[in-house]
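Note sheet for the following structure.
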Amino acid sequence: MQKTTRRDAVIHCMRIVSAACLLPAAMRASAAELACVEPGSASLRESLSYVDPAADAKQQCGTCGFFAADEAKPSCGQCMIMSGAVSRTAHCESWSAKG
């Protein structure tokens, strides 16, 4: 049986505390990376009644003429009206059928 020294115990505790402190930040960064929302566009989204998911599946951003798919994030795309990333399954008042 190996004896644990005080130094080893302190180092182990510091690793646990560090991981516990960094985990929430890493989770927020991961969620932001996966999200299709630009943080600075909240007021524009609110003014256009942007919602995700759309109430009507036929009027999702993915079927809108202002939407361009984002190959790096399949669930997201770029909107000409929002001037940034939007969710493929969302909807806003500016929705217009592709045509």
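The values are calculated or read from the model by the stated rules, or taken from the named source; none is laboratory data. Just so you know, these numbers come straight off a predicted model, no measurement behind them. Glycine gets a Cβ as well: all are built from the backbone with ideal geometry, and neighbour counts include every protein chain shown.
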Q.
Just the residues that are surrounded by 15 or more Cβ atoms within 10 Å (Cβ to Cβ) and in a strand (DSSP E or B), please, taken from the stretch 74-99.
A. C76, G77, Q78, C79, G84, A85, V86, S87, H91
(Q) Out of everything in the stretch 1-48 that is at pLDDT 65 or above and touching a Ser or Thr at 6+ places or on another chain (Cβ under 9 Å), what residue ends up being nearest to R88 (Cα to Cα)? (A) C36
Q) In the stretch 56-99, which residue that is aliphatic (A, V, I, L, M) and more than 13 Å from L44 (Cα to Cα) is modelled with the lowest pLDDT? A) A72
Q: Considering only residues that are in a loop (DSSP other than H, G, I, E, B) and either among the small types (G, A, S) or outside the structural domain of K98 (by TED's automatic domain parsing) (or both), look in the stretch 55-73 and name the one that is surrounded by the most Cβ atoms within 10 Å (Cβ to Cβ).
A: G65
